[in-house]
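Q: This is the structure, below, for whatever I ask next.
Where a number appears in this text, it was derived from the coordinates with a stated rule and is not lab data. Here the structure is a predicted model, which means the values were calculated and not measured. In this analysis, Cβ positions are derived from the backbone assuming ideal geometry, glycine residues included, and neighbour counts consider all displayed protein chains.
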Amino acid sequence: MSYDLVITNGTLVTESGLLEADVAAEDGTIAAIGSHGSLEAEEIIDADEKHVLPGAIDPHTHHGIYNSLAEDANTESRSDLVGGVTTTGNFFRRPGSYEKIMDDYVEAAESNYRHDYFFSLGLLSFEHVEEIPTIIDEFGITTFKWYMNYKYAASEKFGVDCEMRDDFGSKFIETLAKQDEPTTLGYHSENVEITNALAGGNPYIETEADETAEEEEYEVFVEEFPDYAEAQSLVAGASLARQHGYDDSFYAVHVSAGRTADELATLQEAGYDVTGETCTHYLTLTSEECDDRMKVNPPVRHAEDQETLWNRLADGTISCIGTDHCANTTDEKIGETIRESKLGFPSSGTMLPLILSEGVNEGRISLERAVDVTSTNTAKAWNLYPKKGTVRVGSDADLVVVDLEETKTVTPERLQSVADYSIYDGRAVTGWPTQTIVGGELAYEEGQVLAEPGTGTHVDRPL
């Protein structure tokens, strides 16, 4: 039999370990795995001395923040393919009925993504909570987010009749727990009573700039958003989830602090089945080297936090990697002062290369563990598995061929995002995709993105 595409002579990274074998794709899925040279196809990719991984999944992006969703779906999925990302999860939140607005978002996404994607909705009101069954049934969306950072700010920021306090969160979790379908709740850990007090006000409510304020450095945000405010909130949120029997679907996004990762470990040791995610910037940067470009919440912290995060990634406490990706330009991002600079930066395109470079090649984690945290575990946590996240017959033929020894310097031009900067600009990174395959089609090869806008589709869940 001849297949649509075969990747030959490579080392497959499977859930059972490394396998010297070829893999074939037919009609968008993995159709066969066989010994080298045993599979025929119309298109052959030679992966000699390279590894073949399941496509990376970035579950934590924010497309449609600085640009329209249509624009970001096009440009950022292009950048994703350069970095071996074949599926993204897009968090967004809007006031008003999702039942009334989702059709427009679906249309914009379907026309522009170059790879598959899924939506996760931030719920902002009790009315949104009531819509959960409809969101699942009509839109195939089973993943949601509770933004603890918007507590006491939601009414003014979004115009909703809700301040997103714990009564809202309890109803949110209780409703998810009652659904017949598996769901996931992403949770932004932040005790705003602490952070608002340290910041001298709510940073999520826009105010007039203080022109008399002294110029500040990045470290001010580390002080105003301290590790203990994140850690305490994580424990409180997980406890509330457990009261509703939902801790096995509770997912702590962007764990930034070593203290928080240690609390996550303590919860797991106590029987909580909570999932933790960290981001590449917390693993590869420290606050001392950060400037306006790296402004994000929670902030990048210190070397000891970075070390603990790597250790917790290696020992299984932290299960997933995301990026918190936002596509913006320098003009949009950088303000007159660091306090006026905007939150968020682009980074999906560097997620997998950085984990290979700083994790695998530096001996912090194995290649198999890198695949777990960038693909397999993520697929499981966000209800995509086994359609996504694994190299096995019947799964989607989303694959990435990587050269673990190839060193490239990060530049905005290489990443092909709409952004004209990268927080890793000038950094030498070792371990890059040479080819990215989406649904059995060659989507990227040696610097050239081949997939056209509109070739991706939404992954409706439950599968």
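Q: Relative to the Cα centre, what is the charge dipole magnitude of the chain, using +1 at the beta carbon of each Lys and Arg, -1 at the beta carbon of each Asp and Glu, and rounding to the nearest 20 debye?
A: Approximately 860 debye in magnitude.
Q: Now a separate question. For a 26 Å ceiling on Cα separation, which of these pairs sit above it: 151/342; 100/145; 295/380?
A: 295/380
Q: Pop out the Kirkwood hydrodynamic radius of region 245-326 from its pairwise C-alpha distances, inverse of mean 1/r, in Å to one decimal.
A: Mean inverse Cα-Cα distance, inverted, gives 12.9 Å.
Q: Highest mean first, how do 359-366, 347-354, 272-279, 257-264 rank when packing is the count of other Cβ atoms within 10 Å averaged over residues?
A: Averaged packing, sorted descending, gives the order 347-354, 257-264, 272-279, 359-366.
Q: Moving on. What number in nm² do you get for region 288-418 if you take the convex hull of its Cα atoms and divide its surface by four?
A: 9.5 nm²
Q: Go through 167-173, 178-184 and give me the packing order, highest mean Cβ count within 10 Å leading.
A: 167-173, 178-184
Q: Please work out the Cα convex hull volume for the chain and give it in Å³ per residue.
A: Enclosed volume per residue, from the Cα hull, is 128 Å³.
Q: Using a simple charge model, +1 on the beta-carbon of Lys and Arg, -1 on the beta-carbon of Asp and Glu, nothing else, what dipole does region 322-457 show about its Cα centre, in debye to the nearest 20?
A: Using Cβ point charges on Lys, Arg, Asp and Glu, region 322-457 gives about 540 debye.
Q: What translational diffusion coefficient, to the nearest whole µm²/s, does region 365-463 have by Stokes-Einstein, given a Kirkwood radius computed over alpha-carbon pairs, a temperature of 25 °C and 0.890 mPa s viscosity?
A: It diffuses with D of about 160 µm²/s by this estimate.
Q: Kindly rank 445-451, 142-148, 326-332, 52-58 from highest to lowest mean number of other beta carbons found within 10 Å of each residue.
A: 52-58, 142-148, 326-332, 445-451
Q: What is the chain's relative contact order, in percent, from Cα pairs under 8 angstrom and six or more apart in sequence?
A: Computed over the chain, the figure is 22 percent.
Q: Across all directions of projection, what mean area in square nanometres is found for the Cα convex hull of region 15-129?
A: 9.8 nm²
Q: Need one number: % antiparallel among DSSP beta bridges in the chain, to the nearest 5.
A: Taking every DSSP beta bridge within the chain, about 45 percent pair in antiparallel fashion.
Q: Taking only C-alpha pairs under 8 Å that are 6+ residues apart, what is the relative contact order of region 133-272 in percent?
A: Rounded, it is 27 percent for region 133-272.
Q: Can you give the three extents of the C-alpha atoms in region 196-295 along their principal axes, from longest to shortest, in whole Å?
A: Computed over region 196-295, the largest-to-smallest principal extents equal 50, 29, 17 Å.
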